[in-house]
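Values in this text are rule-based calculations from the coordinates and carry no lab data. None of the values given here were measured: they were computed from a predicted structure. Every residue, glycine among them, receives a Cβ derived from its backbone with ideal geometry; neighbour counts consider all protein chains shown.
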Amino acid sequence: MAEYSTLGSVAVLQVNNPPVNSFSHHVRQALVDGLERAQRDPAVRSIVIMGKGRTFPAGADIREFGSGAAVKMPNLLMVLQAVDTCQKPVVSAIHGTALGGGFELALASHYRLAVPSARMGLPEVHLGILPGAGGTQRLPRVVGVKTAIQMITSGQHIKAQQALSLGIVDKIVQGDLLKEAVSFARSVEGRPVEDRRISQKTVPEADKVDEVVEAARKTILRKARGAIAPMTCVQAIQASVLPFEAGMAREAELMAFLMTSWQAPAQQYAFFSEREVRRWSHPRDKRINFKTAKPRVVKSVGVVGAGTMGMGITINLLQAGLKVVMLEVNKKQLDKAVNTIKKTLSQKSASQKMSQLTTAMDYSQLRDVDIVIEAVFENMRLKKEVFRKLDAVTKPQTILASNTSGLNIDEIAAVTKRPDKVVGTHFFAPANVMRLLENIYGRQTSPETVATAMQLGVTIGKVGVLVGNCPGFVGNRMLGSYTAEAVFLLEEGAEPQDVDRAIEEFGFPMGPFRMGDLSGTDIGWKGRIAKGLTTEHGPPPATPALYRRGNRYCPLPDMLCMKGRLGQKTGAGWYRYEPGSRTALPDPVVLQMIQDYRQEHGFKKRTISSQEIVERCLYPLINEGFHILDEGIAARSLDIDVIYLFGYGWPRHTGGPMYYAERVIGLEKLLCSLETYSARYPDHAHLQPSPLLRNMVAKGGSLAALGTDSKL
Ligand SMILES: CCCCCCCCCCCCC[C@H](O)CC(=O)SCCNC(=O)CCNC(=O)[C@H](O)C(C)(C)COP(=O)(O)OP(=O)(O)OC[C@H]1O[C@@H](n2cnc3c(N)ncnc32)[C@H](O)[C@@H]1OP(=O)(O)O
Ligand SMILES: NC(=O)c1ccc[n+]([C@@H]2O[C@H](COP(=O)([O-])OP(=O)(O)OC[C@H]3O[C@@H](n4cnc5c(N)ncnc54)[C@H](O)[C@@H]3O)[C@@H](O)[C@H]2O)c1
């Protein structure tokens, strides 16, 4: 609701709809009623609109979008029309975040004030829609089309000071916002409101708009990677040169197009899933969950191994204000890590943050930390050795976490006397940038230990997802079938760039081969050597070239590594790279290697369509997701989706692999395609449809119903 009160001649409307004061139907109704009341009351000469509690309205109530309640009268457009056309000056007083419809309300007001910490923006593009309450028409009238395109298509929030410089807010106020807003409102009483209406202004440099749009188009299309909202936002902004009513009509038409697209619900599902993962439960035992388990307080963290991951994790921990003891056995590497950390931390706070960092080469220096995150080489023998040492030197309450990419957490825990305090905390590279934290529950991990790992994720700004223990956990296990199928496609006739192009057109930032070159082709190679699937010099003795342990195997990635082509770091991998450049250039040497291999093993080259590439790579990945749900490794399909959205670049406009499977492909079609492919390739085990998928198609039922995605 919106609480109505008067302070002398000023009517104050305070939106009170926790937690973020979104415009649910009852709020909209109360605002319209409040405005009418203020208009009617001759003693009222000005109106202040603000938010109660933590924020100015953060936009439309996204939960209403699916139900039709968003269009129930009065809709948001009608509220804003009432504000704009009000005969008495309306002042929006902003604190917290004025987002989406909230920011549009401020733009419809005649004056805007903000506290210094306020932020504002139009993030609708992340929900697959556009700012459909006049945002695409009013913002360009203030800041110009170029800045409006930048703000609306990025969805970024701006700070109060920047809003002031852009002419969006009229004044930044210190002190008590209500008092300041009332005093400001009094100062503008009696002034004409007509020339304060943004809707009545014209877009600056309107004659250059088509040029500006044309210049933005290519970049936006490239960045959008298949998402339709960004370019639709631009089309709406382009209409801001028309008279206001005509522009609003165009905005409404484009909003309806987006609202009824398949991408908008997918992105809104992603928004709520990102938050739903905080309500975690044990994947197999739902009685153990976020409500009952209490985290330990973490003030200091030990990081073991200052390589790629240890360094990134340390930066992340320092940025969050934690104390860190970073231990490394290689002095040169330790020094290198410290230099990189110093450079990465922002200039402003570097010295203060660096003072929280202690470096160590002696394990005893870890004795007092609250949690240790191990990030040494991916080698079980080494990990066990490290955990034995950690168990011996740290205080008994210290939690011991491993950043392993997929090794058995129970096996690691078993070498300690505190298996209840051992947990997997799987960060993603670069660890200070990537938002995902995949936390792994071992057989004996205590609820308190898991709660602490999940809470640590929150403290350091990660999206933490809890999963069970199995080789590769959720993310890398699913990725295994994707990369396997990608190389099988090379055998049959595709080239690395064909596969990458198809996957990138689907919406991933990088296809599997460009990705392999970026992370280093030797990462997978070392893993396969450790598992005995290959040796550094070729297949293990007496092994068929194309089979390992009864499964089809493609040795092309091993052959690449044996040639020393380890990716960007060696200037050559699946592609070649000019010195100092990261541009992947198709390499005749690799294409010849693949061609010779095809000839040697009797593969006949054929043309493979992009559709087949996408299906062959992504359907087995999704199929593995069904196995994972069936085994209780992930508690809910949304946990898998969040892992893929935040850790693997899965395009957000498709909702994530499991959402995409159910709501876009359709489970029946997915099953049918997997059956077709598995009949064609009976020895590709990951193409065999999962029993859960078969069962769901046979009996019906939804993925959400398998878990606790009750709110979605
Ligand atoms: C058939 C065709 C018809 C077409 C014509 C339709 C015409 C109808 C006219 C409609 C016009 C609407 C136009 C408008 O432009 C659309 C919008 O405004 S969309 C919303 C835009 N706003 C946002 O995207 C903000 C989203 N929220 C956030 O970014 C953050 O929540 C925050 C505000 C920055 C706060 O962050 P935190 O402090 O970290 O808190 P949380 O994120 O954890 O959130 C707490 C809690 O609140 C829930 N929540 C947040 N925002 C909303 C919201 N806008 N609606 C509903 N719920 C929201 C969030 O989910 C958390 O709850 P939990 O999920 O944990 O239960
Ligand atoms: N690199 C990635 O993309 C990535 C992503 C997620 C998880 N991981 C996992 O993170 C872990 C570390 O990977 P990385 O890429 O940072 O490796 P890395 O090779 O860059 O760094 C490992 C570091 O550990 C140090 N080290 C070795 N033995 C040690 C010991 N006994 N005590 C202290 N330090 C020791 C090494 O000197 C080295 O600096 C691995 O388990 C890996 O699977 C890596």
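Rg then Dmax, both in Å and based on the Cα atoms of segment 2-239: 17.2, 55. Quote the charge dipole size of segment 411-456 about the Cα centre in Debye, to the nearest 20; the model charges only the Cβ of Lys and Arg (+1) and of Asp and Glu (-1). Around 80 debye, computed over segment 411-456.
If we sort 182-190, 212-220 on the protection proxy, mean other Cβ atoms within 10 Å, highest first, what's the order?
Numbers: 182-190: 17.3, 212-220: 14.6.
Per-residue mean Cβ counts within 10 Å order the peptides as 182-190, 212-220.
Relative contact order, whole percent, for segment 11-82 stands at 46, derived from Cα pairs under 8 Å and 6 or more residues apart.
Measuring max minus min along each principal axis, the C-alpha atoms of segment 514-599 give extents of 41, 29, 18 Å (largest first). DSSP assigns beta bridges within the chain; of those with both partners inside it, close to 30 percent run antiparallel.
Can you sort 4, 111 so the residue with the fewest Cβ neighbours within 10 Å comes first? Present the calculation step by step, with values, prior to reporting the outcome.
Values: 4 17, 111 23.
In increasing order of surrounding Cβ atoms, one gets 4, 111.
For residue 630 and residue 117, what does the FRET efficiency come to when R0 = 51 Å and r is the distance between their Cβ atoms, rounded to the nearest 0.05? Given R0 = 51 Å and the Cβ-Cβ separation, E is 0.60.
Since only 469, 562, 243 are under comparison, the one whose Cα sits farthest along the positive direction of the charge dipole of the chain, derived from C-beta charges on Lys, Arg, Asp and Glu, is 469.
Could you name the aspartates and glutamates in cross-link range of residue 171, using Cα to Cα under 14 Å and dropping any fewer than eight places away on the same chain? Within the straight-line cut-off, residue 171 pairs with 180.
Using +1 on the beta carbon of Lys and Arg, -1 on that of Asp and Glu, and nothing else charged, what's the dipole of segment 300-473 about the Cα centre, debye to 20? Mind showing how you got there, number by number?
Values: 21 positive and 14 negative charges, 90 e Å.
Once rounded to the nearest 20, the dipole reads 440 debye.
Note on residue 549 and residue 189: the model spin-label points, each 7 Å out from Cα along the C-beta direction, lie 8.0 nm apart. If R0 is taken as 41 Å, the Cβ-Cβ distance between residue 669 and residue 214 corresponds to a FRET efficiency of 0.60.
Only the Cβ atoms of Lys and Arg (+1) and of Asp and Glu (-1) were treated as charged; on that basis the dipole of the chain about its Cα centre amounts to roughly 1780 debye. Of all aspartates and glutamates in the structure, those lying under 19 Å Cα to Cα from residue 342, and not within fewer than 8 positions of it along the same chain, are 328. Computed over the chain, the quotient of the alpha carbon radius of gyration and 2.2 N^0.38 Å is 1.06. Candidates 21, 432, 412 compared by Cα position along the dipole of the chain: farthest toward the positive end lies 412, with charges placed on Cβ.
If you count the DSSP beta bridges with both ends in segment 300-473, what percent of them are antiparallel, to the nearest 5? Rounded to the nearest five, the antiparallel share is 15 percent.
Mind checking the full-extension length gain between residue 595 and residue 389? Use 0.36 nm per residue of separation minus the Cα-Cα distance, one decimal, nm. Don't jump to the answer; show the numbers that get you there.
Numbers: separation 206, 0.36 × 206 = 74.16 nm, distance 4.96 nm.
Extra length available between residue 595 and residue 389 comes to 69.2 nm.
As a length-normalised measure over Cα pairs under 8 Å and 6 or more apart, the relative contact order of segment 265-413 settles at 22 percent.
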